[in-house]
Amino acid sequence: MAEFSLPKDSYFLGFDSSTQSLKATVLDSNLNIIASELIHFDSDLPHYKTKDGVYRDPSINGRIVSPTLMWVEALDLIFQKLSKSNLDFSKVSAVSGSGQQHGSVYWKNGSSKILSSLDHKKPLLEQLENAFSIKESPIWMDCSTTNECRAIEKACGGAFELAKVTGSRAYERFTGPQIKNIFDHQPDVYNNTERISLVSSFMASLFIGSYAAIDHSDGAGMNLMDIKKKAWSKVALEATAPGLESKLGDLAPAYVVAGKIASYFVERYHFNKDCLVVQWSGDNPNSVAGLTLNIPGDLAISLGTSDTVFMITKDSNPGLEGHVFPSPVDAEGYMVMLVYKNGSLTREDVRNSYAEKSWDTFNKFLQQTQPLNGGKLGFYYKEHEILPPLPGQRLIFPPIKLLVLDTKLTLLYSRSY
């Protein structure tokens with residue numbers, strides 16, 4: 001891996017492109033925060049009319065998407081904010097970021113020319129308005145592709161065979177089933193697509209002015225990559241859509257340099273032309289990197305829009321539940337992950353309904369309640385749950401729903417009180 005000598009007064013610009021917001025943080029070489037800005041999609045970009053950063057399609061059960069151009073405009077807006085803070089962009093030596101996993105962006109035929117010839121006098125939004133073959137990006141919350149999942153598993157010899165190769169059985173939110181859904185139902189859109197990016201590689205592409213590679217760690221969340229070979233799986237590709245490999249492009253480690261920053265940012269914001277853009281990756285792999293988990297057995301819990309548990313391992317032994325991805329920092333290692341969709345949004349619904357939309361009030365009620373609530377525990381599902389796979393339901397309090405699971409998280413008993 002190449003080494004670079006950077007000035008001691010260098011800045012480092014990092015982004016978090018998540019479901020509900022885009023955040024930028026600038027650090028100096030001592031990891032002190034120099035600047036930080038946030039664009040909240042619902043409140044800062046209200047004209048897209050999203051709720052929690054997404055559209056829930058009432059006509060298709062489980063279809064949840066985000067407007068691709070909203071992410072582009074958010075980047076324009078966050079640079080406006082950073083510029084007003086008098087940040088010296090010329091001191092930024094490297095840029096990278098995290099993207100919500102599984103979400104996909106579909107570049108229209110000919111868009112590579114648009115990307116490589118951006119006019120620094122115009123915002124990105126104005127120049128990329130017609131760059132996408134589909135305007136709404138499927139994201140990780142989508143659960144409308146069950147039929148596609150079963151078809152891919154069948155073509156690959158079953159769910160377990162697919163998991164052994166790609167690290168996971170077919171999941172509705174994974175990019176492969178989403179691509180198959182578009183090919184099956186909108187073949188003209190698929191044929192008018194020259195590149196399919198993940199959210200992470202999409203954002204990196206904007207910064208280098210050309211199509212960035214999908215990294216190994218985020219690429220493992222697609223049901224398309226052989227996690228041991230770190231290459232696209234021919235069987236999985238053929239099970240998904242024809243001619244797919246050329247639309248996906250290359251794969252790369254999560255820690256390599258994607259390229260130097262595009263001239264657009266040099267001319268518009270006065271970045272140094274030698275500023276490096278390091279591969280972006282998924283938010284969960286980057287959490288592993290940021291928490292410096294590097295010893296097999298290291299484990300962390302993340303409570304966010306979704307709740308996740310991830311652990312470091314040297315062995316690749318995928319099963320029918322959970323996921324195995326290549327490590328974002330160790331070329332020989334892996335990360336194991338469990339994902340629970342009903343995270344912060346479901347908790348916030350409970351708070352908003354019964355605690356005056358205040359965490360302080362929520363905490364007061366919690367302190368007034370006996371530990372373990374008299375033996376009654378509630379599991380609330382605003383959205384279709386991933387683990388265990390259960391349908392979402394409207395939150396009505398009471399009842400309390402009792403679920404009994406075995407050690408493999410198989411549902412044994414369910415009762416509402």
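The values are calculated or read from the model by the stated rules, or taken from the named source; none is laboratory data. Small disclaimer: the values here were computed from a predicted structure and weren't measured. Ideal geometry is used to build each Cβ from the backbone, glycine not excepted, and the neighbour counts take in all protein chains shown. We work out accessible area using only protein heavy atoms, side chains counted, and drop any ligands, DNA or RNA first. Shrake-Rupley method; radii C 1.70, N 1.55, O 1.52, S 1.80 Å.
Assorted remarks:
- Region 304-315 residues that are in contact (Cβ under 8 Å) with a residue 60 or more places away in the chain, paired with ones that are assigned to a strand (DSSP E or B) and crowded, with 16+ Cβ neighbours inside 10 Å (beta carbon under 7 Å, 6 or more apart): Ser306/Val339; Ser306/Tyr340
- Selection status of Glu172, touching a residue at least 40 places away in the same chain (Cβ under 8 Å), acidic (Asp, Glu) and either open to solvent by less than 10 Å² (accessible area, probe 1.4 Å) or not in a helix (DSSP H, G or I) (or both): yes
- The number of residues in region 341-372 that are in contact with a Phe, Trp or Tyr (Cβ under 9 Å, 6 or more places away or on another chain), buried (at least 18 other Cβ atoms within 10 Å of the Cβ) and part of a loop (DSSP other than H, G, I, E, B) comes to 2.
- Here Val336 meets each of (1) of a type in the set (Val, Ile, Thr); (2) without any contact (Cβ under 8 Å) to a residue 60 or more places away in the chain; (3) part of a loop (DSSP other than H, G, I, E, B) with one exception, condition (3).
- Residue in region 210-223 that is open to solvent by 10 Å² or more (accessible area, probe 1.4 Å), within 16 Å of the chain's Cα centre (by Cα) and not assigned by the TED database to the domain that holds Glu383 present: yes
- Within this structure, Cys156 passes the test of being assigned by the TED database to the domain that holds Val65, under 21 Å from Lys247 (Cβ atoms) and crowded, with 24+ Cβ neighbours inside 10 Å.
- Filtering Leu338, Leu409, Leu390, Leu405 for residues that are surrounded by 11 or more Cβ atoms within 10 Å (Cβ to Cβ), at pLDDT below 90 and either among the hydroxyl-bearing types (Ser, Thr, Tyr) or in contact with an Asp or Glu (Cβ under 9 Å, 6 or more places away or on another chain) (or both) leaves a single hit, Leu409.
- Whenever a residue of region 75-86 is closer than 17 Å to Asp16 by Cα and touching a residue at least 40 places away in the same chain (Cβ under 8 Å), its partners that are open to solvent by less than 50 Å² (accessible area, probe 1.4 Å) and acidic (Asp, Glu), lying with C-beta atoms within less than 8 angstrom and at least six residues away or across chains, give the pairs Ile78/Glu37; Lys81/Glu37; Leu82/Glu37.
- Qualifying residue in region 87-95 (condition: within 22 Å of the chain's Cα centre (by Cα), in the same structural domain as Leu248 (by the TED database) and closer than 17 Å to Leu206 by Cβ): yes
- The single condition among (1) in contact with a helix residue (DSSP H, G or I) (Cβ under 8 Å, 6 or more places away or on another chain); (2) not in a strand (DSSP E or B) that Ser90 does not satisfy is (1).
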